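Undergrad: I have a structure I would like to understand better, so I am pasting it below and will then ask my questions one at a time.
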Amino acid sequence: MAFEEKLLLGTVVAKTKTEELSIRTQELKRGGVIPKLCIMRVGERPDDISYERGAVKRMQNIGIEAEVQTFAQSITQDEFLQALEKNNKDESIHGILIFMPLPKQLDVDEIKATILPSKDVDCISPANVAKLLTGEEGLVPCTPMAVIELMKYHDIEMQGKHVVVIGRSMVVGKPLSMLLLRENATVTVCHSKTGGLDRLCRDADLVVCALGKSKFLTSKYVNEKSIVIDVGIHVDEEGNMNGDVNFDDVAPVVAKITPVPRGVGSITTVVLAKQVLESAAKA
Ligand code: NAP
C-alpha cells in the first residue's frame with residue numbers, strides 16, 4: 001500500500017462537510033433563520049485564541065455568524081453568569097461555546113448547570129452529558145464527535161471492533177467511549193494507572209490516543225493491522241505541531257493512521273458548526 005493511502009486525513013473530511021453545511025446554512029437562511037455562534041472566552045490563553053480563530057473562520061466559510069465575547073481573567077461569578085444568562089435568552093444566538101478551564105474564582109459546576117442545554121454546542125451541561133450516557137440523541141462534545149466523523153468518512157468499521165481509548169477525561173476519553181458504544185464498538189478505556197497498555201493496544205483493532213503526552217505511542221503498541229487515531233495536539237519550541245503518537249515510528253508499521261496536523265483537529269470546528277445549525281434548526 002502506498003504510504004499516502006494509509007493516511008486518514010481530517011482535512012478532506014472538513015472540506016466535504018464544510019460544503020454540505022454551507023448548503024444547510026443557506027436553506028436555514030432562506031427560511032428566515034440566521035445561525036449564530038457565541039464564543040465566551042475568559043483571559044488570553046494562546047490555545048484558546050488559536051482555536052477561536054479557527055472556529056470563527058470555519059463559521060464564516062459556512063455562513064454562520066460568530067460573535068466573540070471576551071472577559072478579564074479577574075471576572076466574578078456573578079458577572080460571568082449575568083453574561084451567560086443574557087446569551088441564553090438572546091434568540092439570535094443558537095450556540096454558546098465557553099472555553100475551559102475557567103479561572104479558579106469561577107464555579108464551573110454552576111456555569112455548566114446554567115448554560116441552556118439547547119445552546120450547549122460542546123456538551124458541558126449536566127443535561128447533555130446525561131443524554132450522552134443514556135445514548136439519547138442530542139448535542140455532543142465536538143472533539144470526540146470529530147473522531148467518529150473521521151472514521152465514518154473513511155469507512156472505518158466500528159461495529160464489533162475492539163477499540164482502545166487511551167485517556168479518560170471528560171473532554172475526550174469518556175465521551176468518546178460513549179459515542180463508540182453507540183456505534184456498537186467494544187471499548188476499553190485506559191488511563192495512567194492501566195497495566196499492560198502495550199499489550200492491550202496491540203490486541204485492539206483501533207487505538208485512539210487522547211492522553212496529552214507528545215509522541216507517547218511508539219511501534220511497540222501496534223501491529224500491521226492496527227488503525228491509529230491521534231487526538232493529541234502539541235506545539236514544540238520551533239512551532240511544529242505533533243500528536244500523542246510518534247508518527248515517524250508508528251506510521252510505517254500500521255494499516256491506517258491519522259497525521260497531526262491534518263487529522264482529527266481539522267474536523268472539530270466542523271462538528272461545532274454542525275451543532276450550531278442543529279440548534280438553529282430547532283429554534
Ligand atoms: P487530560 O485531561 O490531560 O487527560 C489525559 C488522560 O490521559 C487522563 O485520563 C490520563 O489518565 C491519561 N493518561 C495520561 N498519561 C497516561 C499514560 N502514560 N498512559 C495512559 N493514560 C494516560 O487531556 P485531554 O483534555 O483529554 O486531552 C488529551 C489530548 O487531546 C491532548 O493532547 C489535547 O491537546 C488533545 N485535544 C485535542 C483536541 C482537538 O481538537 N483535536 C481537543 C481537546 C484536546 P488519568 O485519568 O489516570 O490521569
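Undergrad: Please give every one of the aspartates and glutamates within straight-line cross-link reach of Lys256, meaning a C-alpha to C-alpha distance under 12 Å, and leave out same-chain neighbours fewer than 8 residues apart.
TA: Output for Lys256: Glu4, Glu5, Asp155, Asp205, Glu224, Asp230.
Undergrad: What is the dipole size for the range 174-283, taken about its Cα centre, with +1 at each Lys and Arg Cβ and -1 at each Asp and Glu Cβ, in debye to the nearest 20?
TA: The calculation lands at about 440 debye.
Undergrad: Suppose a student asked you for the relative contact order of the range 9-87, using Cα pairs under 8 Å spaced at least 6 residues apart; what percent would you report?
TA: Worked out over the range 9-87, it gives 35 percent.
Undergrad: If you place +1 on the Cβ of every Lys and Arg, -1 on the Cβ of every Asp and Glu, and leave all else neutral, what size is the dipole of the range 77-170 about its Cα centre, to the nearest 20 Debye?
TA: Dipole size: approximately 280 debye.
Undergrad: Turning to a different aspect of this structure: Got a sec to turn the phi values of the range 195-208 into Karplus ³J(HN,Hα) couplings, 6.51 cos²θ - 1.76 cosθ + 1.60 with θ = phi - 60°, whole Hz, x for Gly and Pro?
TA: x, x, 4, 4, 5, 4, 5, 5, 7, 7, 7, 10, 10, 10
Undergrad: When the label point is put 7 Å from the Cα of Lys29 along its Cα-to-beta-carbon vector, which residues of the range 67-100 have a backbone N closer than 19 Å?
TA: Answer for the range 67-100: 67-68, 92-95.
Undergrad: Another one. About the Cα centre of the chain, how large is the charge dipole given +1 on each Lys and Arg Cβ and -1 on each Asp and Glu Cβ? Please answer in debye to the nearest 20.
TA: Taking the Cα centre of the chain as origin, the dipole is about 400 debye.
Undergrad: Okay, moving on. Put +1 on the Cβ of each Lys and Arg and -1 on the Cβ of each Asp and Glu in the range 126-283; which of Leu211, Thr194, Tyr153 then has its Cα farthest toward the positive end of the dipole?
TA: Of the options given, the answer is Thr194.
Undergrad: Now for a different question. Round to a whole number: what % of the accessible area of the chain belongs to carbon and sulfur, probe 1.4 Å?
TA: Ligands and nucleic acids excluded, carbon and sulfur give 51 percent.
Undergrad: Rounded to the nearest whole Å³, what is the per residue volume of the convex hull around the Cα atoms of the chain?
TA: Convex hull volume per residue, Cα atoms: 132 Å³.
Undergrad: Let me ask another. Mind checking the range 1-57 for GluC sites (Glu not before Pro) that DSSP puts in a loop (not H, G, I, E or B) and that have at most 12 other Cβ atoms within 10 Å?
TA: Qualifying residues, ordered by number: Glu44.
Undergrad: To continue, here is another question. May I ask you to give the solvent-accessible area per residue for the range 88-196, in square angstrom, as obtained with a 1.4 angstrom probe?
TA: I get 47 Å² per residue for this part.
Undergrad: Where both partners of a DSSP beta bridge lie in the chain, what percent of those bridges are antiparallel, to the nearest 5?
TA: Beta bridges within the chain, antiparallel portion: roughly 5 percent.
Undergrad: With n ≥ 4 as the cut-off for DSSP H runs, can you work out [θ] at 222 nm for the chain, using -39500 (n - 2.57) per run divided by the number of residues, rounded to the nearest 500?
TA: The helix contribution divided over the chain gives -12500 deg cm²/dmol.
Undergrad: Right, something else. Among Gly10, Ile23, Pro46, whose Cα lies farthest out toward the positive end of the dipole of the range 1-115, if unit charges sit on the beta carbon of Lys, Arg (+1) and Asp, Glu (-1)?
TA: Farthest towards the positive end: Ile23.
The values are calculated or read from the model by the stated rules, or taken from the named source; none is laboratory data. Note that the coordinates shown come from a computational prediction; the quantities given were computed from them, not determined experimentally. So basically every Cβ, Gly included, is an ideal-geometry build from the backbone, and we count neighbours across all protein chains shown. When the accessible area is computed, the model is the full protein with side chains, heavy atoms only, and any ligands, DNA or RNA have been set aside. Shrake-Rupley method; radii C 1.70, N 1.55, O 1.52, S 1.80 Å.
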